[in-house]
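Chemist: One structure, as structure tokens, below. Some questions next.
The values are calculated or read from the model by the stated rules, or taken from the named source; none is laboratory data. Nothing here was measured: the structure is a model prediction, and the numbers come from that model. Here the Cβ positions follow ideal geometry from the backbone for every residue, glycine too, while neighbour counts run over all protein chains shown. Surface areas here come from the heavy atoms of the whole protein model, side chains and all, with no ligands, DNA or RNA. Shrake-Rupley method; radii C 1.70, N 1.55, O 1.52, S 1.80 Å.
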Amino acid sequence: MKLRKGPRVSVNNERCELFGTCQWEAPGLFELERNGRLRYRSRLTDEDWEPAVAAARSCPMQAIQIKGISDE
């Protein structure tokens, strides 16, 4: 089993209500499709960090988490 390292985004689909605030905060990471599904890129680059944090903070359902921050 290969472990993923580095920061990444995770979305709890049970909590997500598709309000779209994540897309407004981080359009390069999140996209609401016409079919009502949320697509997102889970791996974060240095440029993605601030928009990803803003998206997680602004999500009214608190469905977005940023994982893999520490090297424990």
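Chemist: If residue 7 satisfies all but one of (1) out of contact with any Gly (no Cβ under 9 Å at 6 or more places or on another chain); (2) at pLDDT below 95; (3) open to solvent by less than 80 Å² (accessible area, probe 1.4 Å), what's the number of the condition it fails?
Modeler: (1)
Chemist: Just give me the residues in the range 22-63 being more than 13 Å from residue 8 (Cα to Cα) and open to solvent by 80 Å² or more (accessible area, probe 1.4 Å), in sequence order.
Modeler: Within the range 22-63, 24, 25, 27, 31, 34, 35, 37, 39, 57, 62 meet the criteria.
Chemist: So the check is Cβ under 7 Å with 6+ separation or different chains; which pairs have a first residue in the range 7-18 that's in contact (Cβ under 8 Å) with a residue 12 or more places away in the chain and assigned to a loop (DSSP other than H, G, I, E, B) and a second one that's open to solvent by 100 Å² or more (accessible area, probe 1.4 Å) and among the aliphatic types (A, V, I, L, M)?
Modeler: Matching pairs, first to second residue: 7/69.
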